[in-house]
Amino acid sequence: MRNILRGITILAVVLGATASLIPERADAQDKPTLGADDYDQWERLGQASLSPDGLWLAVVVRRVDETSELRVHRTDSDSVVVVAEGARPGFGADGSWLAYAIGVSPDERDRLRERGDPVRNGVGLLNLRTGEMEEIEAMQSFSFSDDGRYLALRRYGSAESESAGADVLVRDLTQGGSMSFGNVSAFAWQEDGSLLAMTVDAEDRVGNGVRLYDPESGRIRSLDADEATYRELTWRENAPDLAVLKTFDDEAYEDTAHVALAWRGLDSGTPAAFTLDPRVPSELPAGTRIVEHRTPVWSDDGATLFLGTQERIPSDVPSDEAGEDGAAADGSGGGEGPGDGDGEEGDGGDGGDAADDADDAAEDEERAGVEIWHSLDVDPVPQQRVREQQLRREHDIGAWDLEADEFLFLGGDHADRVEIAEGGRHVLARDETPYDVDAMFRQQFHDLYAVDARTGRRELVRERIMVGGGSSPGGRYVAWFEGEDYWTHDLTTGETRNVTSALGGTFVDLDRTPTREQMPPFGFVGWLEDDAALLVNDRFDVWEVNPDGSGGRRLTAGTEDSNRHRIVRLDPEADAFRPDEPLYYSTYSEWTKEAGFSRARRGDTPEPLIWEDARFGGLLKAADADVYAFRRERFEDSPDYFVAGPDLDDARQVTATNPFQDDYAWGRTQLVEYENEWGRRLQGALVYPADYEPGREYPMIVNHYELLSQTLHQYQVPDPTQYYNVQIWSQEGYFVFRPDVVYRDRRPGQSNVETLRPAVAAAVATGMIDTERVGLIGHSWGGYQTTFFVTQDDLFAAAVAGAPLTNLMSMYLSFYWNSGGTDARIFEISQGRMQVPWWEDWDSYFNNSPIHHIENLKTPLLIEFGTEDGAVEFNQGVEFYNAARRAGKQLVMLVYEGENHGLAEEPNQRDYQRRILEWFGHYLKGEPAPAWITTGVPFLEQKDGPRKKKVS
């Protein structure tokens with residue numbers, strides 16, 4: 001093995017994650033490390049929610065053994081309510097009640113499935129004032145009214161019924177009592193009110209309709225009734241106005257057709273009703289349908305309803321053979337999309353009587369299983385196949401003026417994506433067609449148009465946009481990112497401006513910029529109220545930018561110390577930030593990995609509220625109180641939630657996950673700093689063995705991908721189904737090093753080698769690692785880097801590569817089967833960073849392909865692949881396997897039948913995790929090697945088990 005420390009300059013060997021560089025843990029060896037039987041008890045902390053008054057925090061905790069529980073903590077005491085298999089907690093708006101789903105245990109779920117019985121959840125209710133609890137069995141869903149006074153609960157429908165209806169129970173949580181409704185397929189509470197709208201779907205559609213229930217008065221109204229299916233209930237925001245779609249039969253078409261119904265003023269005695277029926281002469285042309293997969297959208301003033309439309313699909317079944325319900329097969333009660341009906345497939349030709357006779361004769365013959373792939377396909381057939389439902393759902397959009405009863409088509413031709421601008425005064429339409437050919441292998445751009453929703457007038461906003469094109473909350477501006485800057489278009493004046501070029505910030509993430517045409521920004525944050533300013537990120541700071549191009553300012557000062565600031569959105573329902581309220585920032589140091597939260601009003605310097613050597617996140621605020629909650633963790637400190645006031649000081653710990661951790665030995669982390677071979681300053685996170693003793697040398701596993709030093713303080717749950725589990729490796733007595741890797745154009749593999757060599761040298765220079773017992777592991781892109789490295793250098797004693805790219809040339813010509821897109825785009829404009837096809841730069845593709853250097857492989861290599869890998873073609877593994885066989889190299893490939901890019905089946909996950917430990921256990925620890933490592937296992941033994949030897 002070559003000398004790891006050869007010719008490497010180390011800036012600073014180790015930076016401590018705590019105050020001391022190498023904290024002593026003399027007691028670590030006095031505690032046992034984890035064994036396989038210990039993993040199941042470990043807990044994962046879910047996303048928390050606060051009650052409106054801030055007195056309660058609800059969070060789901062899941063264990064490695066797949067059991068879970070809901071924990072409801074009192075935030076000002078140690079009181080906690082625990083619900084086994086509780087999930088999806090939701091507080092009522094008045095803070096008096098908590099509702100939650102109650103599932104079944106994993107063992108019970110398996111028993112039910114084995115018997116063929118349905119697995120059904122219940123719903124639990126907790127009165128937060130009295131502590132009284134109630135469980136209601138077999139409830140599919142629940143929803144509080146906007147004021148929290150009422151709760152609607154929907155039971156499961158009958159498995160034998162063709163209708164989508166089920167019973168709904170509405171509980172009065174303040175006065176007591178309830179009301180039941182039958183055959184409800186969907187329901188929706190009015191915003192800022194207590195009206196409940198329901199669609200009814202009964203057997204044979206008898207009694208179907210739309211009902212309105214007012215729980216305050218007890219009044220029930222029928223808004224419409226018909227033998228039809230009703231869907232897509234839509235309330236106007238903060239208004240008593242409702243829209244719904246109603247199906248109708250038409251045997252001339254295969255697809256589902258709808259009438260649009262709308263009501264305004266449903267809180268009055270005389271609401272106004274409106275109907276748009278495509279069968280009645282109107283602005284909606286014949287052969288056009290209103291689609292069910294575009295939810296109706298109200299304009300802010302309630303004057304307009306935006307609807308999706310499609311050209312209809314004619315039926316090929318003669319009307320006299322269409323059956324009782326017609327060939328429309330509208331899927332009443334089933335909710336099928338277009339093209340899912342019972343009508344037969346068309347023949348697609350019109351060749352006269354002879355051809356018709358031939359078609360009729362072949363009607364019952366099985367169709368050939370052929371797909372036609374053409375080199376002129378803009379979207380390749382595999383991509384079209386994956387996007388089949390999306391393609392079937394493509395539609396136009398139109399505006400229905402309720403009072404005038406007029407329908408206006410919007411968006412124009414080639415509108416690939418349509419967005420209704422806030423307020424409904426404009427529609428934004430994207431046209432990708434001018435760039436579709438280039439986008440076959442390059443970046444997808446689009447032209448952006450603004451369409452006046454009242455007149456249909458279409459105005460070009462900007463050509464060749466890549467990122468963005470959404471409207472401001474007030475509906476006045478459109479914003480997007482282009483080149484290296486943000487741009488706006490004023491929909492009122494028609495002016496377009498570059499709004500950041502003069503500010504001096506760098507808004508492009510250069511570490512994620514493989515081509516000049518693809519310049520990803522650090523991110524758009526949002527808007528101030530009244531469209532006063534847009535907020536955007538650069539690498540370290542947040543900027544407030546005037547949308548009229550008159551300037552802007554930096555709200556934070558993170559660049560000076562390389563401390564990243566990002567705004568925390570505390571009100572998830574707000575569409576803009578209030579200018580008079582302080583902004584809270586999450587903060588993170590690029591070089592020390594300290595983190596926390598800051599706060600400032602606009603124009604003031606952010607004040608640090610928390611700044612520690614830890615990882616923070618999940619900042620929440622109670623809706624009606626100045627109570628905040630946040631999550632804190634370190635590698636050796638299990639994640640927990642804390643509550644505090646607006647200053648986040650004197651925070652009180654509320655949760656306590658994994659308290660049994662103190663019974664076991666545990667590792668810790670430190671930061672290692674280095675320069676790569678072209679002088680880029682970088683870092684890596686070094687994880688200590690759980691049984692670390694000063695003075696010993698340990699084996700080390702290097703786990704790499706791209707940037708990983710930010711995981712320094714990440715808590716690692718020991719879970720064997722996560723086969724690259726750092727905590728388990730630490731418990732097994734390994735150092736684990738996770739270095740940052742960066743790249744130069746057209747040198748992806750070579751850049752990794754030039755970065756990894758000095759990174760490993762810096763870790764080894766700590767004196768704690770045995771240079772002869774270092775292994776390398778990575779998955780996908782990390783698998784590629786692993787496979788390439790061991791064909792360039794014998795630095796490592798063993799390596800493991802999950803789903804690696806091995807031949808950049810053949811991979812370039814394959815598909816990313818999960819999406820159907822070509823892999824060429826990955827190389828030209830994405831992670832591959834190759835910029836051009838291989839025939840334009842043969843040397844770069846050749847030099848960076850592991851398979852072209854197979855003759856240099858000296859490191860024992862374990863490769864893993866799933867046969868149905870939809871990200872990295874399975875044949876990438878096959879190529880390298882056969883190349884290794886021909887070249888006489890030491891390689892084992894694990895093939896998991898039917899698995900995709902990541903292993904999904906638990907037996908396979910556990911098998912791969914075990915084999916990784918055996919592989920490194922043999923090559924890094926000298927443990928005896930099983931036969932699958934040394935000689936391989938014959939197929940029949942793999943299938944049937946070891947065969948008995950004959951006794952002579």
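Being open to solvent by 20 Å² or more (accessible area, probe 1.4 Å), over 39 Å from the mean Cα position of the chain (by Cα) and modelled with pLDDT of 95 or more narrows it down to one of ARG947, ARG915, ARG886, so name that one.
Unique residue meeting the criteria: ARG886.
Look at the stretch 889-912 and say how many of its residues are buried (at least 16 other Cβ atoms within 10 Å of the Cβ) and of a type in the set (Lys, Arg).
1
Among the residues of the stretch 565-578, which ones are open to solvent by 40 Å² or more (accessible area, probe 1.4 Å), farther than 17 Å from GLY617 by Cβ, out of contact with any helix residue (DSSP H, G or I) (no Cβ under 6 Å at 6 or more places or on another chain) and touching a residue at least 12 places away in the same chain (Cβ under 8 Å)?
Within the stretch 565-578, ASP571, ASP575 qualify.
Run down PRO608, PRO639 and say which single residue is under 30 Å from the mean Cα position of the chain (by Cα) and part of a strand (DSSP E or B).
PRO639
Please state which one of PRO314, PRO318 is surrounded by fewer than 20 Cβ atoms within 10 Å (Cβ to Cβ) and at pLDDT below 80.
None of the others qualify; the one that does is PRO318.
Output the number of residues of the stretch 163-193 satisfying the condition of being over 33 Å from the mean Cα position of the chain (by Cα), outside any strand (DSSP E or B) and either on the phi < 0 side of the Ramachandran plot or acidic (Asp, Glu) (or both).
3
Residue check, GLY888 against (1) in contact (Cβ under 8 Å) with a residue 60 or more places away in the chain; (2) over 17 Å from GLN942 (Cβ atoms), all met but one. Which one?
Result: GLY888 passes all but (1).
Quick check on the stretch 293-311: of everything there that is open to solvent by 20 Å² or more (accessible area, probe 1.4 Å) and part of a loop (DSSP other than H, G, I, E, B), which residue is nearest to GLU422 (Cα to Cα)?
It comes out as ASP300.
Show me the strands (runs of 3 or more DSSP E) found entirely inside the stretch 475-585 where at least 1 residues are under 26 Å from ASP626 (Cβ atoms).
Passing ranges, in order: 524-527, 534-537, 542-545, 563-567.
Give the residue that is most open to solvent (accessible area, probe 1.4 Å), with candidates limited to residues of the stretch 852-880 that are among the polar types (S, T, N, Q) and in a loop (DSSP other than H, G, I, E, B).
THR867
Within the stretch 250-292, track down each residue that is touching a strand residue (DSSP E or B) at 6+ places or on another chain (Cβ under 8 Å), charged (D, E, K, R) and assigned to a loop (DSSP other than H, G, I, E, B).
Hits for the stretch 250-292 are ASP250, GLU254, ASP255, ASP277, ARG279, GLU283, GLU292.
Between residues in the stretch 389-403 that are touching a residue at least 12 places away in the same chain (Cβ under 8 Å) and residues that are in a loop (DSSP other than H, G, I, E, B) and open to solvent by 90 Å² or more (accessible area, probe 1.4 Å), which pairs lie under 8 Å by C-beta distance while being six or more apart or on different chains?
So the pair list comes out as ALA399/ARG454.
Scan the stretch 600-639 for residues that are over 18 Å from THR587 (Cβ atoms), out of contact with any Phe, Trp or Tyr (no Cβ under 8 Å at 6 or more places or on another chain) and either without any contact (Cβ under 8 Å) to a residue 60 or more places away in the chain or surrounded by fewer than 18 Cβ atoms within 10 Å (Cβ to Cβ) (or both) and jot them down.
Scanning the stretch 600-639 gives GLY603, ALA623, ASP624, ALA625, ASP626.
If I go through the stretch 724-746 residue by residue, how many of them are part of a loop (DSSP other than H, G, I, E, B) and out of contact with any Ser or Thr (no Cβ under 7 Å at 6 or more places or on another chain)?
Final tally of qualifying residues: 6.
Residues in the stretch 386-396: is at least one within 18 Å of VAL297 (Cβ to Cβ) and in a loop (DSSP other than H, G, I, E, B)?
Yes: the stretch 386-396 contains one or more residues that are within 18 Å of VAL297 (Cβ to Cβ) and in a loop (DSSP other than H, G, I, E, B).
The values are calculated or read from the model by the stated rules, or taken from the named source; none is laboratory data. Predicted model, so just to flag it, every value in this text is computed and none were measured. Cβ atoms come from the backbone with ideal geometry, glycine included; neighbour counts cover every protein chain shown. Calculation scope for accessible area: heavy atoms of the full protein, side chains included, ligands and nucleic acids excluded. Shrake-Rupley method; radii C 1.70, N 1.55, O 1.52, S 1.80 Å.
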